[in-house]
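Report on one structure; see the data block that follows.
The values are calculated or read from the model by the stated rules, or taken from the named source; none is laboratory data. All values derive from a computational prediction rather than experimental measurement. Cβ sites come from the backbone with ideal geometry, for glycine too, and all protein chains shown count toward neighbours.
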Amino acid sequence: MPDKQKMIESSYEQAKVLYAKRGVDTDRVLDELAKIRVSINCWQGDDVRGFEGAEELTGGIQVTGSYPGAARNPEELRQDLEKALSLIPGKHKVNIHAMYAETKGVKVDRNELKPEHFQNWVDWAKRLGIGLDFNPTYFSHPLSDDGFTLSHQDPKIRRFWIEHGIACRRIGAYFGRELGIPCVTNIWVPDGYKDLPADRFAPRRRLMESLDQILAADIDPEHNIDAVESKLFGIGSESYVVGSNEFYLGYAVKNKITLCLDAGHFHPTEMISDKISAVLTYVDRLLLHVSRPVRWDSDHVVTFDDELQRIMEEIVRGKVADRVFIALDFFDGSINRIAAWAIGTRNTLKALLKAMLEPGEILKEYEAKGDFTSRLALMEELKAYPWPAVWDYYCLRHNVPVRDEWLAEVKVYEQEVLLKR
Ligand code: RNT
Ligand code: ZN
């Protein structure tokens, strides 16, 4: 359809002129945007089930909904991810968990996992030219059943989970080396109490010591980047979470590792967008779990809301894109799971693009002069600048569906593939 193409191109040319008047070079912005990899969470595709045959998702997180077509095995999950990636402009990363190991029917416990158990993922990522990120899985396992892992009072159970952490860092380094793109290995543990603890100190001390042992293993920081993720509460850990924000902020600063901020892991009115500049004053790098809490840590699909835009504005205005890893974390089983990936990832990229199109220097100048009227006026006018025309052109240039055209492709895939499962 050359007409459609012409329309998109001419809208882009008009947008380009408007942005140029504000000193923004849209062509350059699109080149910059193409360099940013978003880490897409594989666990949206199978409702966080993994390949170990686990019957239940534990750890205080929950997927609701029973939309047909969830991936049941590695082949289906990768096929679905590939479909989703074909609807998203740019080259990205896929984020996997230890429970997505492929052990050829042999039982390999989590403390014994090796790079070879992820060879299919690596070969697949190579073929697609994407990166991989990694997460040890500290839930949905008999040794996490009483709600404690790395901070467990039983040294044998702690040992098991320490070994798991070390195994995962090795696997992460393998991903980074093989793919030529560093792997972020993110530690999140569900440890905590439903009701008021008598001792809040001891589990935190144990968690610190366990993390120290995991990090003591000598693993090439060029290929593997260690991150720790905090949380406020979970289902069954409402009163106390061992790995709270203060705990991990202190840990990351002290040990010079990456801190992970999940958008759903704070009080409902507390926003991670405001934390980026604070945290990056003290840690080198930040991992974001871009998610959407609705009244609680519900992990809804990321929409184009205010907080998403603020997060991206912070990254762009602060010129810290090289210090922030953007990863997605949502799991909704009530809608088509490929659509969930497409919606969440496309929104993330749109918000990033919109932020990159901002004439940031002008805004900062107004601010420095104390002209807050102009600052607010321009910020508000920019919302109606033709950034969607730039987005459409970006999709066209990267050969992915423009606007809601991707939905028709998902519907065909649903008929031909998902509903036959
Ligand atoms: C849980 C954390 C964690 C998980 C994934 C599956 O509250 O957000 O990041 O969502 O590891
Ligand atoms: Zn998370």
Exercise for the section: Any chance you could count how many residues in segment 1-23 are out of contact with any helix residue (DSSP H, G or I) (no Cβ under 6 Å at 6 or more places or on another chain) and farther than 30 Å from Ser374 by Cβ? Expected result: 9
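Across segment 281-293, what is the total count of residues that are within 25 Å of Arg205 (Cβ to Cβ) and within 16 Å of ligand 1 (Cβ to nearest atom)?
Result for segment 281-293: 1.
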Practice task
Just name the residue that is surrounded by the most Cβ atoms within 10 Å (Cβ to Cβ) out of those in segment 232-275 that are within 16 Å of ligand 2 (Cβ to nearest atom) and more than 25 Å from Gln62 (Cα to Cα).
Solution key: Ala252
Practice task
Looking for whichever is among the hydrophobic types (A, V, I, L, M, F, W, C), within 21 Å of Ile130 (Cβ to Cβ) and within 16 Å of ligand 1 (Cβ to nearest atom) here; the options are Ile36, Ile96. Which one fits?
Solution key: Ile96
Practice task
Output the residues belonging to segment 253-266 that are over 14 Å from Ile187 (Cα atoms) and within 15 Å of ligand 1 (Cβ to nearest atom).
Solution key: Ala263, Gly264, His265, Phe266
Fill in the blank from the handout: Of the conditions (1) outside any loop (DSSP other than H, G, I, E, B); (2) farther than 11 Å from Leu287 by Cβ; (3) within 13 Å of ligand 1 (Cβ to nearest atom), the single one that Gly250 does not satisfy is (3)
Problem - Single residue of Ile276, Ile181, Ile214, Ile225 found to be assigned to a loop (DSSP other than H, G, I, E, B) and among the hydrophobic types (A, V, I, L, M, F, W, C) - result: Ile181
Exercise for the section: Enumerate the pairs (first residue in segment 37-51 and under 16 Å from Ala342 (Cβ atoms) and among the β-branched types (Val, Ile, Thr); second residue anywhere and within 12 Å of ligand 2 (Cβ to nearest atom) and modelled with pLDDT of 95 or more) with beta-carbon separation below 9 Å, excluding pairs fewer than 6 apart on the same chain, so at least 6 apart or on different chains. Expected result: Val38/Val290; Val38/Ala327; Val38/Leu328; Ile40/Asn95; Ile40/Ala327; Ile40/Leu328
Problem - Odd one out for Glu178 among (1) under 30 Å from Gly129 (Cα atoms); (2) touching a Lys or Arg at 6+ places or on another chain (Cβ under 9 Å); (3) buried (at least 23 other Cβ atoms within 10 Å of the Cβ) - result: (3)
Exercise for the section: Could you tell me which residue of segment 102-125 is nearest to Val228 (Cα to Cα), considering only residues that are surrounded by fewer than 21 Cβ atoms within 10 Å (Cβ to Cβ) and within 20 Å of the chain's Cα centre (by Cα)? Expected result: Val122
Practice task
Note down all Cβ pairs under 6 Å where the first residue falls in segment 154-167 and is touching a residue at least 40 places away in the same chain (Cβ under 8 Å), the second is aliphatic (A, V, I, L, M) and surrounded by fewer than 17 Cβ atoms within 10 Å (Cβ to Cβ), and they're at least six residues apart or on different chains.
Solution key: Ile166/Ala217
Completion exercise
Quick count over segment 183-231, residues being within 16 Å of ligand 2 (Cβ to nearest atom) and charged (D, E, K, R), is 4
Completion exercise
Of the candidates Ala278, Ala327, Ala339, Ala351, the one satisfying the condition of being away from ligand 1 (no atom under 16 Å from the Cβ), over 22 Å from Lys383 (Cα atoms) and touching a residue at least 12 places away in the same chain (Cβ under 8 Å) is Ala339
Fill in the blank from the handout: Within segment 386-402, residues being in contact with a Pro (Cβ under 7 Å, 6 or more places away or on another chain) and either crowded, with 20+ Cβ neighbours inside 10 Å or aromatic (Phe, Trp, Tyr) (or both) number 2
